[in-house]
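Okay, structure first, notes after.
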Protein chains: 4
Amino acid sequence: MRTLRDRFGRPLRLAVVGGGPGAWIGDMHRGAAQLDGHWQVVAGVFSSDPERSHAAGMALGLAPERAYGDVAQMIARERGRDDAVDAVAIMTPNDTHHPYAAAALDAGFDVVGDKPVAHDFAQACDLLQRTRKGGRLFAVTHGYSAYPMTRYARHLVRDGVLGDVRLVQVEYIQSGLATRVEDGPPNRRYDWILNPQRSGLALVMGAIGCHAQHLACFVADASIARVSAEVGALMPGRRVVDHVSALLAFDNGARGTFTVTQAAAGAENDIRLRVFGEKGSLEWSHRQASYLQLALQGEAPRTIGRGDAFLPPEILAAGRTPRGHPEGLREAFANIYREVAAERMALALGETPVQAPYPRIADGAHTMAFIEACIRSHQDGRWAQVAPLPQ
Amino acid sequence: MRTLRDRFGRPLRLAVVGGGPGAWIGDMHRGAAQLDGHWQVVAGVFSSDPERSHAAGMALGLAPERAYGDVAQMIARERGRDDAVDAVAIMTPNDTHHPYAAAALDAGFDVVGDKPVAHDFAQACDLLQRTRKGGRLFAVTHGYSAYPMTRYARHLVRDGVLGDVRLVQVEYIQSGLATRVEDGPPNRRYDWILNPQRSGLALVMGAIGCHAQHLACFVADASIARVSAEVGALMPGRRVVDHVSALLAFDNGARGTFTVTQAAAGAENDIRLRVFGEKGSLEWSHRQASYLQLALQGEAPRTIGRGDAFLPPEILAAGRTPRGHPEGLREAFANIYREVAAERMALALGETPVQAPYPRIADGAHTMAFIEACIRSHQDGRWAQVAPLPQ
Amino acid sequence: MRTLRDRFGRPLRLAVVGGGPGAWIGDMHRGAAQLDGHWQVVAGVFSSDPERSHAAGMALGLAPERAYGDVAQMIARERGRDDAVDAVAIMTPNDTHHPYAAAALDAGFDVVGDKPVAHDFAQACDLLQRTRKGGRLFAVTHGYSAYPMTRYARHLVRDGVLGDVRLVQVEYIQSGLATRVEDGPPNRRYDWILNPQRSGLALVMGAIGCHAQHLACFVADASIARVSAEVGALMPGRRVVDHVSALLAFDNGARGTFTVTQAAAGAENDIRLRVFGEKGSLEWSHRQASYLQLALQGEAPRTIGRGDAFLPPEILAAGRTPRGHPEGLREAFANIYREVAAERMALALGETPVQAPYPRIADGAHTMAFIEACIRSHQDGRWAQVAPLPQ
Amino acid sequence: MRTLRDRFGRPLRLAVVGGGPGAWIGDMHRGAAQLDGHWQVVAGVFSSDPERSHAAGMALGLAPERAYGDVAQMIARERGRDDAVDAVAIMTPNDTHHPYAAAALDAGFDVVGDKPVAHDFAQACDLLQRTRKGGRLFAVTHGYSAYPMTRYARHLVRDGVLGDVRLVQVEYIQSGLATRVEDGPPNRRYDWILNPQRSGLALVMGAIGCHAQHLACFVADASIARVSAEVGALMPGRRVVDHVSALLAFDNGARGTFTVTQAAAGAENDIRLRVFGEKGSLEWSHRQASYLQLALQGEAPRTIGRGDAFLPPEILAAGRTPRGHPEGLREAFANIYREVAAERMALALGETPVQAPYPRIADGAHTMAFIEACIRSHQDGRWAQVAPLPQ
């Protein structure tokens, strides 16, 4: 990896949209991108108010002329620069994801987009087509599937260690909307979150459910074919969706269960996954992100840890400290950014890139198809098909 | 309690059907019944072969004339004795539960029945009616809801500590049928288990699913009104049901999820429950049966333990050793037997018994209605109503 | 085992001294003895007040003439009976252990004694000699080393799975004396506990420290040769010892640490052991008594559970329910009682008994030597030798 | 904090000594320093071979003239620059810590030093005096005491929530030297580590023991006054110290135990701390760094998490993501760097800095006094006094 970076001769240049100073998700993206020296944040738009945006960019140390006032301006000006950015990272409210990503792709930039990739499946397919047409890269920052141990879980599944996958259980439960935030003082964040036009077809799915669904599909190495879902609000009177529970049928024949909610009072924020196969099972929880439980039938369960010497090299490389030294979501995000950089650098050098497992726009589109199927299933009171991706 | 036992003047006399020496569930019942000195096992039938039955009874220390050859004989003879048994405990293959229980009830004995109480809902309603008509007691040995900490979980719910219950998650997952036992050497136990005529409408529900459903209803203090279920076999080609996953709607408005399987390769045998309410949540796992997690919104989660001095007296009384000294399923079973004894002794003395929370035939009948609804939902591919109990 | 019991033809008869109804440790002994049908409690003394003793025995269902008023009377009368007891179980305040045990041994009874076995090492050696001279059995109820998983830990050590043992860490920490019980209302239990003449040379050692020391020696398969200890009270102004921490040197060259206290405010009652060897380590905690962590160098740590099919038969036999069904201290005590019974029955039948691993008077004497060495080390401010057992 | 940074007008400039590309501890320091935008790494020496050093600096993106060939050169040249570095961070083999730090201090630079700060107590006192004399800052990167939850633990102690501290247990156990690395192929790292002249008086203390000791003192808000220690090697024949266990007496009257080893085969790398006070106890493990267990006597234990809304603002500020999103050692290190920056910026602006809790040279000197006392105690077989710091 380092060699590729050296051959390329410079870090890639990143523009960010959203996530100004003080927004933790912005710090997460910017910090992750720069963690390994593969990216430099050099341009950005941080607010819909041009003055605030400019001030924020300055506070982050950008050159004044690259602390832009709006996205259209940034894209237009960057296109004209010799040292134009290589990619645009998008971490704005959900309803802006599609237009900003479409504009960036059309201008010839790679995209690192926060989830959900779009408002609905049609928009997501549109981005998928633009990405394909332009030969661009489009990464979706599902950090949970970028931990060494979730990567290793997928490795075990693909390697046949579990045999055929038979049952997948995934959940993402948190308490962020467990109180009546609707009744609290106005708040920029809740303004768009509590507005279904802006936050999307099912708030909880865009916020956290997509992470759970992607993680399950990623590790089980499968797509969801059919679903029977309950979609609604645990909080009485709430206008947005704060809870989805579902029964799943995967395209490889496995069964599954899925529960996501932001309205679980008192709950620890946690995403948990269990995969049961023919020969054994594995279990992972975000709360113990550096560990993976592997239990083969007839053997004592084992706790595998990030850094264990017997892990495959690509899994070891996804960690940065020895076993027993905690790493966090930042390093998982950094894995995604590093892989996108490696792929872009390799392509630029005319080399064949390693096929890295970071989530892509096709994954984001499958998520949107899944969300729409959940809603349809709930409305009809029966199982619904998940739409396939366009060829 | 001791006082009541002293006033009554003798331990109650118990006949057991099934569970001879070496059968762990038999040891469990007999040991639990006698743990606190409220019951004495004095009669029994232990095999469908009269000679084996007699020998087993002798090995257990019964008087020769009370080591019976079959149930009908036992019931007939016991009725005629001055020192007749007070109750019959049934732990035979599932298809015999209804006839044996019906015979015992009709002969005027109380019943302690292992689950499932019957083959189907109609049979269960029949037992319910016989129990009511005869003024008998009918306990179902769902030991999981008899632990001090699941009792306390229910106490917290009923006390309003969680506020309205909004989401209930329950699962019972094990690996007992994770291999192709169908292909193994013939085995008395698998003979009846793998035969749907004998093991019931849905094997996994009779074996463990009923425990999960009862525990959820018990703690959430609610019944299940509707269900959307997947009912089948994770093991390819299996004739009996080894997996059920379901979405639940409770009669108090709460939502729920339910997963039970005996075909989870590598899985720890565990029953887990989480209840999320308006103000907080609680979590319990059989693996840590002596502890209960309580997390109120805005506060740090607490780990409450059996024996904590602040617990209500009836919860403390359900434990027998100080916090930090493990107790097991035996003591939970013993709570059920002790409560049945206390109720019968109080009634015999003309006193008003304390309303103990042990599971009764009405609970067993609700379980059968739930199982039938799951099957109906699966067949129809949509939500199904759970039939109400007869008035 | 069952066969031996059948050949012997009757359960052994047990007399108990102390632990009347309502005393949890009494329930524990009586329940454990009778759990598997190898013992019947038929006689006892339950109070220093003859009338209370008699009433307690009656409440426990003893024949009136065997609910004795004092120990001397019991021993004298039982000796004269055709159906005399086979053993005496002692669970009285510490200062009475030696005289009662000596009397029982001298009268030809086996002894099951609660810990500590005596007031000091000299008394313990005296009991050891009497036991040897009379050809009696003398079991000490260190229940913690009678769990299947601590038994298996020892098995792994003896089997060489860890290689040479290098470091042993053991602790027993609880909060029973974390408040100023000295200032509370008078209380029969505190009366003798807070009186060093009655509770022994170092209260915390007699109460719980002996369990920790025995468990460490049992699993590490070693004796303690030297110690550097701090012996005192964490609670300011306390007259009895509520805390001992020590550095250990075992006779097999291993190093160790030892901490026991009853004055740890807020602490979970827990005994924990870790053994590090040449090739790996193991860890056990009473809080998860049915599990053992085994971590071999270079491999992922494994969680072995009671009931795992690959365990040796004698370990499996020390459990009574499948993996995932909690068992408790009662079953561990029952293992001790069952093993004493098996040994006595085999001897009575002229057979060679299996050498069972229950703790014996020699272990109890080593404990007393260790306690005296701790005190000497503390007084001298340097390492002290642990006295060897008499040949 | 951001305001101070803005008022100061630029990030501080950092020179690093050691930790070139590929050394995880170097990535840790450089990444942590730059995480929040308070520092920029602009100069460095990365190897004792000037050419390798220069190449490494270039690979890290330094200006060619600031990728120095040796420390003396760097200090001399940086002193002469208008944009000289503000501080020097040192992460070289232990024997170079004192000379490099002394040179940096004498040249007027602040120092961020990896542990141990020096070879012995005398050297550490020398650095303490130089730091005082020059009015410099000297931070020691004990990252473990820079986690939000260990900070909060100290807060609880200082706030009196536990009452008087009575017992402190700390350990740092790992398996890095659990095999005969002495017999392996030559290795740059083992070269200096296995040489007591270079790695220090007691290898395990310089490597990890100092972290454990500092964490204990930090949280208990106390110094160690006396110690009874065993200092040696668990690995037979090893020339360096790989194990220390000790009994501690703190200056506030608390007792303690201490165990550190790198030779624990199979052990998870973990540092654990428990503090028992008059009213309750707390427990922290590096493995669950984002959580703190608090157990008050008579109440159920609580699991407090990084991000909990009720935490004091300075504790919340030490975290960067919401509860339930893992953070790691990188963020803990970043807290130290951020605090040093804030202090230096405030001093430069003539403001009174907030008294931040990062470890300083006085703490490092206490550590060296403790190590020397352990060795003395071991040699003498009795308790030893820990030397006080010079006034």
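Read-outs: derived from the displayed coordinates by stated rules, not from any lab. A quick note: this is a predicted structure, and the numbers were derived from the prediction, not measured. A quick note on method: Cβ atoms are made from the backbone with ideal geometry, for glycine too, and the neighbour counts reach across all protein chains shown.
Convex hull over the Cα atoms of segment C:170-267, averaged projected area in nm²?
6.4
Using every Cα-Cα pair within segment D:115-240, state what percent have a distance larger than 23 Å.
46
Return the chain D residue and its Cβ-to-axis distance, rounded to the nearest Å, for the rotation relating D to B.
In residue-and-Å form, the answer is D:Arg302, 3.
How compact and how long is the protein assembly as shown, expressed as Rg and Dmax of its alpha-carbon atoms in Å?
Answer for the protein assembly as shown, Rg first and Dmax second: 34.6, 111 Å.
Counting other C-beta atoms within 10 Å, which of C:Ile336, B:Ile315 has the fewest, and how do the rest follow?
B:Ile315, C:Ile336
Could you give the Stokes-Einstein D for segment D:331-391 in µm² per second, using the C-alpha Kirkwood radius, 4 °C, 1.567 mPa s?
Using the Kirkwood radius from Cα pairs, D works out to 92 µm²/s.
Go through segment A:124-184 and name the trypsin sites (Lys or Arg not before Pro) that are in a DSSP coil and have 15 or fewer other Cβ atoms within 10 Å of their Cβ.
Answer by residue number: A:Arg180.
When we measure straight from the Cα of A:Lys133, which aspartates and glutamates land under 14 angstrom away, once same-chain ones fewer than 8 places off are left out?
Straight-distance partners of A:Lys133: A:Asp106, A:Asp110.
For segment A:246-391, just run the numbers: alpha carbon Rg, then divide by 2.2 N^0.38 Å, N being how many residues it has.
The reported ratio for this selection is 1.28.
Taking Cα centroids, how far is segment C:52-85 from segment A:264-328 in Å?
Result: 59 Å between the Cα centres.
Among A:Arg274, A:Arg238, A:Arg226, which one shows the highest mean-square fluctuation when chain A is modelled as a Gaussian network with alpha-carbon springs under 10 Å?
A:Arg238
Taking segment D:283-349, how much of its Cα-Cα pair set, in percent, is spaced more than 18 angstrom apart?
Percentage above 18 Å: 49.
In whole Hz and in residue order, list the ³J(HN,Hα) couplings for segment C:307-313 that follow from phi through the Karplus curve 6.51 cos²θ - 1.76 cosθ + 1.60, θ = phi - 60°; x for Gly and Pro.
x, 4, 4, 7, 6, x, x
Give, rounded to the nearest 20 debye, the magnitude of the charge dipole that segment A:61-181 has about its Cα centre when Lys and Arg contribute +1 at Cβ and Asp and Glu contribute -1 at Cβ.
With Lys and Arg at +1 and Asp and Glu at -1, about 280 debye.
Which one, D:Ala207, D:Thr261, D:Met235, is farthest towards the positive end of the dipole of segment D:143-273 when Lys and Arg carry +1 and Asp and Glu -1 on their Cβ?
Farthest along the dipole direction, towards plus: D:Ala207.
So if the hydrodynamic radius of chain D is defined as the Kirkwood radius over C-alpha pairs, what does Stokes-Einstein give as its diffusion coefficient at 37 °C and 0.692 mPa s, in µm² per second?
Approximately 153 µm²/s, per Stokes-Einstein.
Taking R0 as 60 Å, what FRET efficiency do you get between D:Asp251 and B:Gln40 from their Cβ-Cβ distance, rounded to the nearest 0.05?
0.40
Could you work out the helix-only [θ] at 222 nm for chain D, with each DSSP H run of four or more residues adding -39,500 (n - 2.57) and the total divided by the number of residues, to the nearest 500 deg cm²/dmol?
-10500 deg cm²/dmol
Provide the three semi-axes, in whole Å and in decreasing order, of the ellipsoid equivalent to segment D:224-323 as defined by the square roots of 5 times the Cα gyration tensor eigenvalues.
That gives 32, 19, 12 Å for the three semi-axes.
Within 10 Å of each Cβ of A:211-221, how many other protein chain Cβ atoms are there on average?
Taking the mean over all residues of the peptide, I get 0.
Fewest first, what order do B:Asp49, C:Asp114, D:Asp270 take by the number of other Cβ atoms within 10 Å?
So the ranking, lowest neighbour count to highest, is B:Asp49, D:Asp270, C:Asp114.
With point charges of +1 on the Cβ of Lys and Arg and -1 on the Cβ of Asp and Glu, referenced to the Cα centre of chain C, which listed residue (C:Ser223, C:Met91, C:Met368) lies farthest in the positive direction of the dipole?
Of C:Ser223, C:Met91, C:Met368, it is C:Ser223.
So, in Å, what gap is there between the alpha-carbon centers of segment B:87-158 and segment D:136-211?
59
How would D:His211, A:His378 line up from fewest to most surrounding beta-carbon atoms within 10 angstrom?
A:His378, D:His211
Counting Lys and Arg as +1 and Asp and Glu as -1, each charge on the Cβ, what is the dipole of the protein assembly as shown about the Cα centre in debye, to the nearest 20?
Once rounded to the nearest 20, the dipole reads 0 debye.
Between B:Lys133 and B:Asp159, what is the FRET efficiency for a Förster distance of 45 Å, r being their Cβ-Cβ separation, to the nearest 0.05?
0.85
What is the Cα convex hull volume of segment D:310-358 when expressed per residue in Å³?
Residue-normalised Cα hull volume stands at 79 Å³.
Counting only DSSP beta bridges with both residues in the protein assembly as shown, tell me the antiparallel percent, nearest 5.
Roughly 60 percent of the DSSP beta bridges within the protein assembly as shown come out antiparallel.
Could you give me the percent of Cα pairs per 10 Å distance bin for segment D:133-195, shortest bin first, beginning at zero and ending with the bin that holds the maximum distance?
In order of increasing distance, the bins hold 14, 26, 24, 24, 11, 1 percent.
Work out the mean other chain Cβ neighbour count within 10 Å for the residues of A:315-326 and drop it here as an integer.
The per-residue average across the peptide is 5.
What whole-number value in cubic angstrom gives the convex hull volume per residue for the C-alpha atoms of segment B:180-233?
It is 101 Å³ per residue.
Would you list, by chain and number, the lysines whose Cα falls below 29 Å from the Cα of A:Lys279, excluding same-chain residues fewer than 8 positions away?
Excluding near neighbours in sequence, the set is C:Lys279.
For A:Ala225, enumerate residues with amide H under 5 Å from its amide H, sequence gap 5+ or separate chain, H modeled in the peptide plane.
Residues meeting the amide H criterion: A:Ala249, A:Phe250, A:Asp251.
Quick one: of the DSSP bridges fully inside chain D, what percent are antiparallel, nearest 5?
About 60 percent, rounded to the nearest 5.
What is the pair-distance distribution P(r) of segment C:72-179, computed from all Cα-Cα distances in 10 Å bins starting at 0, with each bin given as a whole percent?
Computed distribution, short to long bins: 12, 32, 28, 21, 6, 1.
Only four residue types carry charge here, +1 at the Cβ of Lys and Arg and -1 at the Cβ of Asp and Glu. Report the dipole size of chain C about the Cα centre in Debye, rounded to the nearest 20.
320
Which whole number gives the average count of other chain Cβ atoms within 10 Å of the Cβ atoms across peptide B:258-265?
Across B:258-265, the average partner-chain Cβ count within 10 Å equals 5.
If you take the beta carbon distance between B:Leu316 and A:Val354 as r and set R0 to 56 Å, what does 1/(1 + (r/R0)^6) give as a FRET efficiency, to the nearest 0.05?
Rounded to the nearest 0.05, the efficiency is 0.35.
Report, please, the projected area of segment A:1-94 averaged over directions, based on the convex hull of its C-alpha atoms, in nm².
It is 6.1 nm².
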